[in-house]
Structure formats: structure tokens, C-alpha cells
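Rule-based calculations on the coordinates, nothing more; no lab input. Owing to the predicted nature of the structure, the values given are computational and were not obtained by experimental measurement. Glycine gets a Cβ as well: all are built from the backbone with ideal geometry, and neighbour counts include every protein chain shown.
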Amino acid sequence: MPQTDGNQASDPRHDPLMLRKQQYALTMIAVAALLMIQLQNPWIPTAMRVIFVAAVLLGFLRWSAAILLALIQLDLLLGEPPRAESAQQVLCMVTSFLTIVLIMTVSRLRSAQELTGVRTIRQLLRSTLFSLLNPDPDLQSAHDARNSQGLVSGAAVFRTCTKVLILMLAAGTLLLLFPEDTGSGRQLGLTSPALRVIQIGLVLFTLYFACLVLPGEFRWRRLTRHQAGIYLRSLYVGWAHRDLRMIVRHRLRRRRRNARLRRRDARKNADATLKETS
Amino acid sequence: MTPRSVFLLVLGIAGAALGLLRNQSGLVLLSLTVILWIVAEWARFQWRVNTELASLTVRRTMNDKGDSTGVVFSGSPLRIAVKVACSRGQVRPFTRIRDVVPEILQVEQGSSVRLVTVADQLILFDYVCRPLAAGTATFPGCRVRIQDPYGFFIADRFVVQRQTLRILPEHEVSGNAHSQIKRINALPQHGIHQLQRAGLGSELLEIRQYVPGDPPKSIAWKVSARRDQLMTREYESDVPIRTVIFVEETRRVQRGPWGQRQCDLSARVAAGISQAALAAGDLAGLVLFSESATRGIIPGWGDRTLYHILERLADTCTMNAGPRGRWTPQLQAALLTVCQERWPELLSVQVNRVPLTVFPLLPWKHRARIVRSRLAGIVCQLHGLKASDWVRLVHDDEFMRQHAIHLLSEAGCPATPPLLDESAAAEVPIDPRSLTQLAVGIRQSFGRARDNERFIIVADLLHADESLDAIRPAVQLALARHHRVVFVCPLLNPAAAKHSGDDASRLTKLLREAWSADRENRQADLRRRVRTMGATIAFTAAGHPISLVLAQLQRKRRGRAIAGVH
């Protein structure tokens, strides 16, 4: 099939295989770093570490990002000491950073897998091998040029790390805005952590409400004619549903009864005609 | 929101709450970061939906022509190029564009789906497809699905770009219709044929005894001298021939998969015969008969007539709405599929709200009622019905069915009976009412005919049996008036495609053999019945060259009996 767009054909970024390989590489890096941190984790026993490592590896290969997050959260919940020292806090921050990078890359990898149909590493290796054995000259030369410059992977790593850092900075700022304060909590009859939960929860709820209302208003103004028509009809039907249903059912019943009567009359007439002829 | 993002959000909220309560800063940081990440992705996705998706335009060219309508012949390749442009911003990665291809077309090369992996203002892709049968193909537009790179949010839209394609039946272009061997002294004028009846032609028919009144010019002097009595030459007639083709257009012939229906085969045969007749300079006409009426095209010459005939044949192959019936779960599923495909934004819960009801109590019935209510909303909007009709559509099966069938037809997916096995389609006998209408059509045709007409009846009459007697008087009357009647029986070939594999069971083979034997018997019986009428019959199957039928017709033009057919 000839490609109509010559530029797209020669661009290696259009090769989904290339994208997946990058995602796999990034995920592997994140997993390795996370495991190295975990293996040197001082507050978890060795047996637990081994189980955790096995679970993370399995999660990376088979499961979704949510399972991975649940595992790491469980690990932190069980292993992280309350009010940790500054060295331990730094370790936790690094762990969080790597976890987010891992979840991001795994999510992206799963999306690419769903779209392109290559599910497992074995399929990826097979398709890579196939592309190596049957190379497309244009695509191959472009791949080589890009790989030699190292632009694609480097840019992807940089973008992901920057995004995670910005998000962590925002989360840290939110935590710093509401530090532990024992005085106010006592006045309200709450413990300090509970008060903090409520404060941060309120901030997040406000954020959610803003996200719900503003784009909702924006979306309402951008409804198509058909969407607006259906919305108005559905509102009216919702208000008058009982009455309308009653009317419609009554008419249907009457129609069925009339049809039944007509059939009976026709049968009677036919019987009468038969008797007359016999 | 996809389940993935919901799970992550729930885990983030739970982790943040537990971490705050237990003073675990690492857990809190991780969980809050996850929540903020999802919020940021959501905002970004909304921006994409409102800018990129709203400004997408699609332009499609069919065989390098971008017109809203077009004509193509069945079986010929159709090259389709799709250009998706974004006027505001770019088409981002993880966008999936699918050009919705009608069922009547089969994609042979390339793909009608394009996955965007790099942001671009213009996305181009093309593919080659082939029409499977004659009829009408409507390209409604492109379905666009965008999602964020992490698979948290998905939005579907349908970008309308409606183009209609008229698919005419394929026909073999016959070469020289006349014989290459010189059998006659003078070639007749184009469109004029010798008829073996006394006339004023140039070919000698016979020499007979002179009768007073014969022109002196035609006296054969040498023969008269030898026999010692006046003999005169009689010549053949030179006449134009009018070919009228009768084709059945009932729902019976529309059953089966695209391209393997009886109407497809009939259209192909009729198109081939028309083309050959017109190429030979004959007049060609068409009569379509069904259970209730006959309609047709008056015989004419030239490409214009051929085009009219092909168009009318394409109409017979176009699926029409089914007979009256009930509202079934299958029909609801078909309507839901089409609505999900074409109007995904109208199925949105935020727009298409369902009134709160308790009944029906059973969960699956309740779910089906909710789906029906949503579909009723879409039907109501698209057909411009009142709000009270929405409730009627939910409760009145017949009303809903009518509108559903109408909507499906408009969307280019007419509600058809379940696709049958070819043998099943072949074994539905012709309706006696159709044969009555055929007889009426034949009578009407020879009522306005001249001397030398040729009636070609293209219909599967294998299972007609005694009901064939309905056309006997009409056929015999036509023959008595010196017209010719030829039956062409198109036969579907069911067993070849489905049961020819090595894994065919013994029972299947036996059934196949029994079916073949039964068909042969029926063919012999039909041949006998047609012979008793005095007409001719030819059988043709899918893949058989139309030239076999044309050869028979060529011989029939000369008015001689065909050996082995009568």
C-alpha cells in the first residue's frame, strides 16, 4: 500500500514499535531504580523485600498501573515510620518520584499496547526481530539517525521527569500550606492529623468542584443542536414521565382491545358465512 | 474516565487519607501526586476535546474524485483517500481515526483505520476496496476516538462526511456479437437480423413454385428451365430484434451474503445480456416483476438505455426495509450499534437522561429498558418527534420498530432478515403471485410488440413446480405470435464455499451429495416443463461466463433450434 504522505513514512516516530520500545526501556529503568532503592530500604525485613520485588516485577509484566500503585502504597503504609527523619524523608521522596515515573510509563505502555495490539514482551521481541529481518530502508536509516543522536529517548525521559517533579512540587506545596497544627485541632475537638485530612480534603473538593462546574458550563455552551434537543426533551420527559406513560399505556390498551374485538367480529362473521353456505 | 483512572484516583484518595492520619509523609506525597496528576491530565484532555476534536474536518476522495456522489461498477477496485485536518491545533498522538466503510464494500488493500502516533495538522491515509454487489453504498463519515497518553480518558466523536456511491452491476463487455465465419452472402445492417421467415431480405430462404402475384424479379429462371415450371425465390426477412429482459425483484432474491445473493447473479446476467444486445444494435428493455406489480424500461438503443437498465438493476439489489414484524432484541442491538457508531455524543448520560423508574424489576429487563429509552431519545431527535412520542417509542413496539427501521435505512444499514446460508436462500420457492405478475408483464410486452421480440426471463424457477403453469398461457401466446422466449435460471453454488474443506464431516458430504442430486433432478424437471411450453432454458451459475448464455442467444437470433437444449 503506497503511503500518500512521504514524510510520515520516513519518520520513525510513526512506527508504533519504536514507541513501545522506548516505553519499555523507560519502564525498565524506573523499575530497576525503584528496586535498588527498595533493596537498600532499612525499615523492611528481607523476606518482605523479596516478595515486594517479585510483586513489582510481576505487576510490570502483567498488571496495570493501579495494582503497582496499590502494592507500593501498601509497602509504604506498612514500612514507613511515622514522622520519619530527614534522611528517611528524602528516601521516601525518591521512592515516590520513581513510583510515579513507573506508573506513568506503565500506563503509557499499556495504552500503546492496547492501541497497537502487541500485548506481551514476547510479541514485541518477535515484531522487533521481524522488522530487523525485513528492514524498511527508509525507516531503518531514519531510526539509525535518531538513535545515534539519542534524541527520542532523552527527550522522553526529560519530559517525564520534569512532569513528575512539577506534580510533586505541587503536592509538596499543598502539604506545606497545611502543616501539622495541634492548637486549632484541639479547639475543634479533633486530632491534628484528622484536621489536616479535612483541610486538604476541602482543598481537593474545591478543586474537583471547579473542575466539574467550569468545564460543565463550557460544555453546555458548546452543545450541538441534536445534543441540546435531546437534553431538553429528556428534561421534559423526566418531569412529565408518569402522566405521559399513563396516557400512552391507556391508548395502547385501547388499541389492543379494539383489535381483539375486530378479530372476534371477523371470526363470527366467517362462522356465520360458513353456516349459511353449508 | 476509564476504569484505570478511577482505580488510581480511589487509591490516591485512600492513600492520602491514610498517610495523613498516620503521619507518613512519603505515602501522602505519593498519593497526592497521583491525584494531582489525574486532575492535570483531565484538564489537558478536556482542552483537547474542546479544541482539536471540535475542529476536525474530513475530506474523502473516491478514485481521485471528491464529489458527494459517484458511480462505480461492482467488482472494480475503488481507491479511497481520506484527509483529516485540524484547523485549531494538531491531531495529537493516541488518536484513532476510522473511516466507516459500508458493508457492501470489502477492504482489500490497506486499512480504513489510522492510528496517529505523531502530532500533525494533516493526517492522510488511503485504502483500496471492492464493491461486493450492485446497490448503493453510503460513506457516512469518520469515527474519531481520542484518548490521553495514559489511557485515563476516552472521547468518541463522529465526523460527518457523507458520500454516496452508486454501484452498478458488473457485466462482461462482449466483443463482436456476429459470427466470424461467413455464413451469409450480405452482411445485414447494424441491428438488423435475418429471420427465417419469408420477407424482403437478401438471403435466400427457399425456392418454391411460382404463385400468381409473386414479383417477376424473384423468378429463378435456371431452376424453372430445369423443372419446366415457373419457380420463384423466397428470401429471409431482415428485421430488428427487441430484447426484453424480465428480472425478479422480491425479498426472496435479496437473501444471502453480499455478492452471493440471487439478485446479484441475476443482475450480472441481465446486465451482460443487455450489453451484448445493445452492442449488436438490438433494442433492449427491462421488466422487473415482484409479488404485487411489474415495472420496467421501454426498449431502446444506445448507452443511455444501458445505463438506465444498470441503474434499475442496481435498485433491485439495494436492500429495502423488511416486512412488518415485532420489535426484537436483535433489532434493538442493531440500532444500538449504529447509534454508538454514528452518534456517540447523543448517547452520553449527561445529555440523554433516562427518567427514573422502578419497573421492570428484573435487572436485565431494567437495563434493556434504559437502553431503549436512550435509543428512543435519539430517534425522537433525529426524526423530529415530540417529547410525548419519546414515551410512546419506549412502550409501543410497533411504533419503535417503524422508526428504528427507518433510522437504520437512513444510516445505510437496513434491517435485513438474518443472513442465510446460500442453499437456504436458493431453496425458498418463488411466490406464485410473482409468476402471475410475470405473466402479466409478458402479455403487456407482446401487446405493444412487433413481429420479432425476444423475451428473456431471468429467474430461479427451480422450486416453482406446478405454479409454473401460471405463465404457460402467456409464454405459449408469445411463441404463437412468432416471438421467442428464453428462460435463464441463475443457480447459486452453495456447497463450494462452505463445505469443501478437509474437515467436512461425512454427514455434511452426504447432505451435499443429496442436495446436488436433488438439484439435478429439479433442473431436469424444469427443463422438461419449459420444453413442453415450447421455450428454451439455460442455466448459469456464479462464475460461469455470460458468453455461454450469449452464444445461445446468438443462435436464437437466427431462429434456429438449439440442439440439445430443446
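For the reader, a short list of remarks on this structure follows.
- Shielding score for A:224-232, defined as the mean number of other chain Cβ atoms within 10 Å: 6
- Label-zone membership for segment A:224-268, site A:E276, 7 angstrom Cα→C-beta point, backbone N under 15 Å: A:266-268
- Averaged over residues, the count of other Cβ atoms within 10 Å places the peptides B:26-32, B:92-98 in the sequence B:26-32, B:92-98, highest first.
- Sequentially through segment A:199-211, phi angles give Karplus couplings (6.51, -1.76, 1.60; θ = phi - 60°) of 4, 5, x, 4, 4, 5, 5, 4, 4, 4, 5, 4, 5 Hz, Gly and Pro residues having no value and appearing as x.
- Peptide-level mean, for B:38-48, of C-beta atoms on other protein chains within 10 Å: 2
- Segment B:203-248-segment B:125-153 distance, computed between alpha-carbon centres (Å): 67 Å
- For the segment A:163-171, counting C-beta atoms of other chains within 10 Å of every residue's C-beta and taking the mean gives 5.
- The phi-based Karplus calculation (6.51 cos²θ - 1.76 cosθ + 1.60; θ = phi - 60°) puts the 3J(HN,Hα) values of segment B:256-261 at x, x, 3, x, 10, 8 Hz, whole numbers, x for Gly and Pro.
- Amide H to amide H, with H built 1.01 Å from N, B:I245 comes under 5 Å of B:G285, B:L286, B:V287, B:I456, counting only residues 5 or more places away or on other chains.
- Estimated distance in nm for a label pair at A:A87 and B:V113, the labels positioned 7 Å out from Cα along Cα-to-Cβ: 5.4 nm
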